[in-house]
Every structure is written in C-alpha cells, then in structure tokens.
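All remarks here apply to the structure that follows.
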Amino acid sequence: MSFVDSLLYFISAYILNFLVWIIIIGVVMSWLINFNVINTHNQFVATIWRITNAITEPLVSPIRRFVPPIGGIDFSALILLFGIYFLQVVIIPALARAF
C-alpha cells in the first residue's frame with residue numbers, strides 16, 4: 001500500500017466518517033433545540049452546539065445559497081451527506097486507482 005493509498009484511506013475512513021457523525025449530531029441537536037427538548041443555556045449543550053456549528057456551517061452555507069429551505073425544511077445537511085458519500089464511493093476510489 002503506497003502513501004497515497006494510505007492517505008486516501010485515512011481521509012475516507014476517518015475524516016469523512018467523523019464529518020458525517022458531526023453533521024448528524026448537529027441536525028439532531030437542531031431538532032432537539034427547536035422542540036425545546038434540550039436547552040442551550042446548559043453550558044455543555046451550548047459547547048457541543050458551537051463546535052458542531054463551527055465545523056458544519058462553512059460546509060452547508062454555500063449549499064444554502066443554491067438550495068433555500070423548502071417548506072421550512074433545510075435540506076443542505078442532507079445534500080452535504082450525499083456529497084460526502086459521493087466522495088467516498090466514487091471520487092476517492094477513482095483517485096486510488098489513478099495512483
């Protein structure tokens with residue numbers, strides 16, 4: 001296994017999967033906050049909320065410019081998850097075969 005293969009595997013298996021989990025946590029937290037199940041006045045909840053927003057907001061805000069919320073539902077996180085899946089299934093294996 002070459003260095004490039006190892007690097008692509010690391011990106012796909014660890015970084016992108018970590019990002020998927022952060023996106024899912026952020027989406028679930030936004031639902032729980034909007035339905036007043038959890039409170040952002042709790043310091044732990046607020047910290048987790050800030051961290052997930054700091055990681056995901058730069059990735060979903062460009063998507064929101066092109067796909068506005070439809071019927072009050074924001075599909076930008078779902079589109080980002082499809083993009084990450086496309087990277088993992090199509091782009092990274094193609095790059096691995098190229099090297």
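Here's a check for you: in segment 71-99, which residue that is of a type in the set (Gly, Ala, Ser) and assigned to a loop (DSSP other than H, G, I, E, B) is nearest to residue 23 (Cα to Cα)?
72
I'd like the full set of residues that are in a loop (DSSP other than H, G, I, E, B) and either on the phi > 0 side of the Ramachandran plot or of a type in the set (A, V, I, L, M) (or both), limited to segment 5-40.
First pass over segment 5-40, keeping only residues in a loop (DSSP other than H, G, I, E, B): 35-40.
Answer for segment 5-40, where residues must be in a loop (DSSP other than H, G, I, E, B) and either on the phi > 0 side of the Ramachandran plot or of a type in the set (A, V, I, L, M) (or both): 36, 37, 38.
Going by the structure shown, is residue 86 exposed (fewer than 13 other Cβ atoms within 10 Å of the Cβ), over 20 Å from the mean Cα position of the chain (by Cα) and at pLDDT 95 or above?
Judged against the criteria, residue 86 is not a match.
Could you tell me which numbered condition residue 68 fails, if it satisfies all but one of (1) more than 20 Å from residue 14 (Cα to Cα); (2) free of Cβ contacts under 8 Å to residues at least 12 places away in the same chain; (3) under 18 Å from the mean Cα position of the chain (by Cα); (4) not in a loop (DSSP other than H, G, I, E, B)?
Only one criterion in (1) more than 20 Å from residue 14 (Cα to Cα); (2) free of Cβ contacts under 8 Å to residues at least 12 places away in the same chain; (3) under 18 Å from the mean Cα position of the chain (by Cα); (4) not in a loop (DSSP other than H, G, I, E, B) is unmet by residue 68, namely (4).
Please work out if residue 63 is more than 30 Å from residue 1 (Cβ to Cβ), β-branched (Val, Ile, Thr), assigned to a helix (DSSP H, G or I) and in contact with a Leu (Cβ under 8 Å, 6 or more places away or on another chain).
Here the answer is yes, as residue 63 does meet what is asked.
Tell me, which residue of segment 1-19 that is surrounded by 15 or more Cβ atoms within 10 Å (Cβ to Cβ) and modelled with pLDDT of 95 or more is farthest from residue 94 (Cα to Cα)? So that I can check it myself, show each step before the final result.
Just the residues of segment 1-19 that are surrounded by 15 or more Cβ atoms within 10 Å (Cβ to Cβ), to begin with: 8, 11-12, 16, 19.
This time we only want the ones that are modelled with pLDDT of 95 or more, so: 16, 19.
On the way: 16: 16, 19: 21 Å.
Restricting to residues being surrounded by 15 or more Cβ atoms within 10 Å (Cβ to Cβ) and modelled with pLDDT of 95 or more, the top hit is 19.
The values are calculated or read from the model by the stated rules, or taken from the named source; none is laboratory data. Bear in mind the structure is a predicted one, so any value in this text is a computation, not a measurement. Glycine gets a Cβ as well: all are built from the backbone with ideal geometry, and neighbour counts include every protein chain shown.
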